[in-house]
Amino acid sequence: MYDYPLYRPPSESDSLIIQATLGCSHNKCSFCNMYKSKKFTIKSVEDIKNDINYFRKIHASIEKIFLADGDALIIKTEDLKEILAYIKELFPECSRVTLYGSPKSILFKTIEELNDLKALGLTMIYMGVESGDDEVLMDINKGVRSEDLIKAAQKVKAANIVLSVTLIAGIGGRDKSKNHGVKSGEIISSMAPDYLGVLTLMVDEGTILHNKILNKQFELLDDKEVLNEIKLLLENINVKKPIIFRCNHSSNYISLSGNLPEDKEKLLNQIDYYGNTNKLKQEMNRRLW
């Protein structure tokens, strides 16, 4: 039924996963090794409907559905509308349908198209931002600039679709850490997403970034430098509408969560607390244990 490897956001752990596409439409990011074993493919509407029929037979009730793989939003709008309508027909109890949307696939859609998808049940789009610094975005082969990311976010928000974005601490390396932290905070202020997740860079063998590290072209941040970068990021986020902030992925050195802007000072104080070497080491040892 599934073409592995299969990935989904941490918040979709209890969702039914339906593979509408295989792989990632971009698949060129220097740090990512998730879909290198797959050729990007958009499954036929008929095949997707057959999958939906199968899942309906084996599940008595489904509240949440995630459309995989890495960029299901790139599917032609009319086909995606047909898929969403079929989900609504077969799973009337389902209250949430979500997917990954690359910045380019969002920009390809008109606001009217996004409105139509919203009306048929598309609840939330996950978009990887990674960094707000154009130099870092170019280094990691993101394929877009910061202005494109902002425009994509504005489109999603204009359609009243919930937007969840991710940043990667450490993705700029030691040389670009300051600019990455500052610019990432600034882009989040401009985008004003509903959710912000911050991951910490984890390097997979065989990636372009891994080779850069081996060739001394990229310096990884240590644990304290990562925390300082996240602090810099938070200091530069200035929003009025609330953002749910999470920095509690398994990649992170410490677990942080709160709502911005109301919990900003609390989060900064927590970072300062753990910035003490002993406290940080104690927390890391506790999590490893």
GLU147 fails exactly one of (1) free of Cβ contacts under 8 Å to residues at least 24 places away in the same chain; (2) crowded, with 24+ Cβ neighbours inside 10 Å, namely (2)
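Can you pull out the residues in region 183-228 that are small (Gly, Ala, Ser), closer than 16 Å to ASP133 by Cα and either touching a helix residue (DSSP H, G or I) at 6+ places or on another chain (Cβ under 9 Å) or modelled with pLDDT under 95 (or both)? Spell out the reasoning first.
Here is the first cut: in region 183-228, the residues small (Gly, Ala, Ser) are 184-185, 189-190, 192, 197, 206.
Those still in the list that are closer than 16 Å to ASP133 by Cα too: 184-185, 189-190.
Hits for region 183-228 are SER184, GLY185, SER190.
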Within region 97-144, restricting to residues that are of a type in the set (S, T, N, Q) and on the phi < 0 side of the Ramachandran plot, the one that is surrounded by the most Cβ atoms within 10 Å (Cβ to Cβ) is SER131
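Residues are listed down the side, and each one gets a yes or a no for (1) over 20 Å from ILE87 (Cα atoms); (2) open to solvent by 60 Å² or more (accessible area, probe 1.4 Å):
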position	(1), (2)
TYR2	no, yes
LEU6	yes, no
ASN27	yes, no
CYS32	yes, no
SER44	no, no
LYS49	no, no
PHE55	no, no
ILE62	no, no
ILE65	no, no
Over region 229-268, the set of residues open to solvent by 50 Å² or more (accessible area, probe 1.4 Å) and at pLDDT below 95 is LYS240, LYS241, ASN248, HIS249, SER250, TYR253, SER255
Selection from region 226-262 of residues assigned to a loop (DSSP other than H, G, I, E, B), within 21 Å of ASN179 (Cβ to Cβ) and among the hydrophobic types (A, V, I, L, M, F, W, C) yields ILE237, VAL239
- [ ] Kindly indicate whether any position in region 83-94 is of a type in the set (Phe, Trp, Tyr), farther than 20 Å from TYR126 by Cβ and surrounded by fewer than 20 Cβ atoms within 10 Å (Cβ to Cβ).
- [x] yes
task = Kindly indicate whether ALA158 is open to solvent by 50 Å² or more (accessible area, probe 1.4 Å) and not basic (Lys, Arg).
result = yes
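Quick one: which of ASN238, ASN160 is at positive phi and touching a helix residue (DSSP H, G or I) at 6+ places or on another chain (Cβ under 9 Å)?
Working: ASN238 fails: at positive phi.
On inspection, the qualifying residue turns out to be ASN160.
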Filtering region 88-106 down to residues that are out of contact with any helix residue (DSSP H, G or I) (no Cβ under 6 Å at 6 or more places or on another chain), in contact (Cβ under 8 Å) with a residue 40 or more places away in the chain and either of a type in the set (Val, Ile, Thr) or assigned to a helix (DSSP H, G or I) (or both) yields THR98, LYS104
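The values are calculated or read from the model by the stated rules, or taken from the named source; none is laboratory data. From a predicted model like this one, the values you see are computed outputs, not experimental measurements. Cβ atoms come from the backbone with ideal geometry, glycine included; neighbour counts cover every protein chain shown. Surface accessibility is based on the protein's heavy atoms, side chains included, excluding ligands, DNA and RNA. Shrake-Rupley method; radii C 1.70, N 1.55, O 1.52, S 1.80 Å.
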